[in-house]
Ligand SMILES: Cc1ncc(C[n+]2csc(CCOP(=O)(O)OP(=O)(O)O)c2C)c(N)n1
Ligand code: SF4
Ligand SMILES: [Mg+2]
């Protein structure tokens with residue numbers, strides 16, 4: 001069924017279709033309408049789930065951690081400072097290997113206070129052991145929520161579904177709401193290998209020693225390092241699993257084909273802009289303008305940021321003259337995080353393109369098409385003139 | 001005053017089922033070990049536990065060996081009550097109406113870093129039993145002061161003059177949420193604790209039990225005196241055993257028996273532990289006055 005609704009409603013609709021059993025959330029702009037919608041679904045009886053209105057984001061994720069440990073499908077959502085407040089819990093959920101799904105409605109972080117969009121919130125949680133998927137429009141939001149549960153439960157790693165605050169969360173766009181019967185064909189019910197159960201007692205997340213240790217039967221159990229290595233290896237395996245899931249999704253819903261990178265006019269492009277989130281759709285307009293001038297340029301939206309699809313990035317970018325990374329976040333004192341990741345993926349390529357880094361849109365600073373156009377044109381026409389430091393777009397002072 | 005005390009458990013009819021394996025990592029003479037063993041007997045096998053970092057985490061053993069036979073979710077320090085909430089949510093989703101969800105946290109995990117989550121859960125009316133074992137400091141990290149450390153106590157963060165502030169009255173804070181059951185207990189009276197858990201299990205909504213647990217390592221006394229010192233805290237009227245059942249307060253057990261009787265001087269209690277060595281005679285006299293006034297209040301209600 002096609003409807004016109006907000007990005008937050010697209011996310012909530014995905015959560016409902018995924019038959020989530022336990023939802024815990026705490027309001028924060030611009031995530032709030034998503035949790036309000038979910039409370040409506042539950043309170044009206046449209047959705048058979050436990051909605052737990054906790055007193056903080058730390059507790060929201062604590063509830064999801066426990067609910068997931070007890071064998072139920074759990075969901076939460078947040079933005080900005082709410083995500084930062086969860087930091088300890090993010091690492092706990094990943095270490096405990098719980099397939100929780102969370103929407104991160106991207107917003108800049110304080111101080112100073114801002115409620116507007118950038119990516120500093122989710123990027124700052126890059127190394128917490130969560131899978132991060134980024135969406136470009138409302139259809140991707142609902143589709144990605146469904147895929148996220150599948151991915152999380154297949155590899156036992158939690159997933160963040162990230163989408164731009166306001167730009168996507170509060171704008172209205174047409175999108176297709178899949179049929180429940182199709183979703184049920186796509187997403188099997190959650191059946192974890194172990195769930196907390198008095199009939200099969202287990203002590204979860206106990207103190208674990210630096211070295212391996214035999215259990216009471218003499219079988220050697222992993223130490224902390226093996227457990228963490230498993231997390232890493234399963235994250236790497238998630239790259240292949242994401243591609244498989246994308247194919248299955250396409251078979252059922254007819255949408256898919258680009259699990260890692262969504263390219264636009266890139267086939268013959270010497271120059272490729274790349275970024276996360278809705279900005280890549282904005283850049284499509286800029287690419288069209290520059291193409292009219294005869295500049296062979298395209299744009300790619302990176303959908304899977306963690307685990308980083310190094311091979312796919314290398315294949316997509318190594319034959320280019322220049323790669324231009326646009327970012328709404330920064331590793332302060334160094335460069336954009338994505339810029340660093342892309343350079344590192346290209347390091348082993350036979351041909352290493354020039355890579356540029358633009359920082360823009362922080363705290364919702366308006367991103368003007370003509371600013372993007374100017375930056376991209378400069379990168380394409382005089383790629384050697386721009387150095388290896390981030391260039392800020394739209395600064396006024 | 002209501003007196004709804006259930007049939008008293010004695011050492012003869014205590015369940016024989018042992019849910020804590022013999023031999024664990026707690027110090028010799030640990031008050032927590034006593035109440036954990038007895039408390040789990042009262043909770044029974046159809047229970048899921050939630051535990052934050054504390055001496056209890058250590059008591060329960062190092063992976064892959066566990067000292068207890070109940071399923072347990074170890075959670076982050078601030079999130080005990082929220083963790084219990086999540087398990088309850090999952091139990092409702094699975095239509096499980098029998099399993100008891102019990103949180104066990106130290107005084108730090110309850111009264112300081114965990115208070116927000118606990119308050120939230122009490123306000124929401126979560127159907128759990130929350131047990132705070134109060135050893136009156138952060139023992140797991142090496143005896144630092146906590147909100148429930150009494151005035152004058154030497155800890156590693158109040159090293160010379162002792163803690164300047166009073167003990168935080170956590171049971172009263174929790175009782176102010178209007179939950180169905182708040183009780184105190186002591187490691188010196190494990191059967192009273194057993195009966196209080198048994199009663200809590202029959203009630204719906206949040207149940208909070210605050211247990212005084214002497215700690216030889218952190219309090220500075222010989223491990224053979226745990227029960228004696230726990231009893232002395234009650235007999236001097238410093239730590240009182242009571243229940244607040246549906247907003248009605250009543251002293252129980254050994255404390256109830258003190259009504260109208262002469263209590264031992266608090267000084268006797270202070271002399272047994274090196275943590276009180278910074279307390280002056282004047283300070284002890286002041287504390288004695290406060291205790292006397294508190295008991296004056298009890299006698300009037302009684
Ligand atoms: C967020 C966080 N801060 C600090 C710690 C370190 N820490 C672990 S246990 C503990 C003290 C626990 O005290 P209490 O709750 O009273 O239990 P006890 O050790 O006394 O049994 C502290 C400070 C931690 N694990 N997590
Ligand atoms: S430090 Fe105290 S509370 Fe902790 S295990 Fe030792 S005796 Fe028990
Ligand atoms: Mg303590």
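The values are calculated or read from the model by the stated rules, or taken from the named source; none is laboratory data. Just so it is clear, the model here is predicted, and its values are computed rather than measured. Glycine also receives a Cβ, built like all others from the backbone with ideal geometry; neighbour counts cover every protein chain displayed.
Quick one: is residue B:20 touching a helix residue (DSSP H, G or I) at 6+ places or on another chain (Cβ under 6 Å) and away from every other protein chain (no Cβ under 11 Å)? Taking the combined requirement at face value, the residue satisfies it.
Just name the residue that is farthest from the other protein chains (Cβ to nearest Cβ) out of those in region A:44-87 that are farther than 14 Å from residue A:22 by Cα, touching a strand residue (DSSP E or B) at 6+ places or on another chain (Cβ under 7 Å) and part of a helix (DSSP H, G or I). Ranking the candidates gives A:83 first. Determine if region B:280-297 includes at least one residue that is away from ligand 1 (no atom under 16 Å from the Cβ), part of a loop (DSSP other than H, G, I, E, B) and touching a residue at least 12 places away in the same chain (Cβ under 8 Å). So far as region B:280-297 goes, no, none of its residues is away from ligand 1 (no atom under 16 Å from the Cβ), part of a loop (DSSP other than H, G, I, E, B) and touching a residue at least 12 places away in the same chain (Cβ under 8 Å).
Quick grid of which residues meet (1) more than 7 Å from every other protein chain (Cβ to nearest Cβ); (2) within 16 Å of ligand 2 (Cβ to nearest atom); (3) in a helix (DSSP H, G or I):
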site	(1), (2), (3)
B:26	yes, yes, no
B:35	yes, yes, yes
B:45	no, no, no
B:64	no, no, no
B:73	no, no, no
B:76	no, no, no
B:89	no, no, yes
B:108	yes, yes, yes
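Residues of region A:239-262 include none that is outside the structural domain of residue A:153 (by TED's automatic domain parsing), assigned to a loop (DSSP other than H, G, I, E, B), free of Cβ contacts under 8 Å to residues at least 24 places away in the same chain and more than 24 Å from the chain's Cα centre (by Cα). Among the residues of region B:71-120, those identified as surrounded by 24 or more Cβ atoms within 10 Å (Cβ to Cβ) and within 18 Å of residue B:135 (Cβ to Cβ) are B:80, B:103, B:104, B:105, B:106, B:107, B:108, B:109, B:110, B:111, B:114, B:118. Candidates B:196, B:163: the one that is surrounded by 17 or more Cβ atoms within 10 Å (Cβ to Cβ), away from ligand 2 (no atom under 16 Å from the Cβ) and under 12 Å from the mean Cα position of the chain (by Cα) is B:196.
Just one of the listed residues (B:188, B:183, B:137) is in contact with a helix residue (DSSP H, G or I) (Cβ under 9 Å, 6 or more places away or on another chain) and within 16 Å of ligand 1 (Cβ to nearest atom), and it is B:137. Does at least one position in region A:94-104 carry a residue that is modelled with pLDDT of 95 or more, more than 10 Å from chain B (Cβ to nearest Cβ) and assigned to a helix (DSSP H, G or I)? Yes, region A:94-104 contains a residue that is modelled with pLDDT of 95 or more, more than 10 Å from chain B (Cβ to nearest Cβ) and assigned to a helix (DSSP H, G or I). Answer yes if at least one residue in region A:165-172 is at positive phi, in a loop (DSSP other than H, G, I, E, B) and away from chain B (no Cβ under 11 Å), and no otherwise. Yes; the residues of region A:165-172 include at least one that is at positive phi, in a loop (DSSP other than H, G, I, E, B) and away from chain B (no Cβ under 11 Å).
Can you give me the number of residues within region B:236-257 that are at pLDDT 95 or above, surrounded by fewer than 20 Cβ atoms within 10 Å (Cβ to Cβ) and in a loop (DSSP other than H, G, I, E, B)? Of the residues in region B:236-257, 1 are at pLDDT 95 or above, surrounded by fewer than 20 Cβ atoms within 10 Å (Cβ to Cβ) and in a loop (DSSP other than H, G, I, E, B).
The rows are residues; the columns are (1) without any contact (Cβ under 8 Å) to a residue 40 or more places away in the chain; (2) closer than 26 Å to residue B:123 by Cβ.
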site	(1), (2)
B:154	no, no
B:176	yes, yes
B:187	no, no
B:206	no, yes
B:220	no, no
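Residue-level check: of (1) closer than 26 Å to residue A:227 by Cα; (2) without any contact (Cβ under 8 Å) to a residue 60 or more places away in the chain; (3) touching a helix residue (DSSP H, G or I) at 6+ places or on another chain (Cβ under 8 Å), residue A:161 misses just (2). Here residue A:338 clears all of (1) assigned to a helix (DSSP H, G or I); (2) farther than 24 Å from residue A:367 by Cα except the condition numbered (2). If only residues of region B:127-147 that are assigned to a loop (DSSP other than H, G, I, E, B) and surrounded by fewer than 24 Cβ atoms within 10 Å (Cβ to Cβ) are counted, the one that is nearest to the other protein chains (Cβ to nearest Cβ) is B:140.
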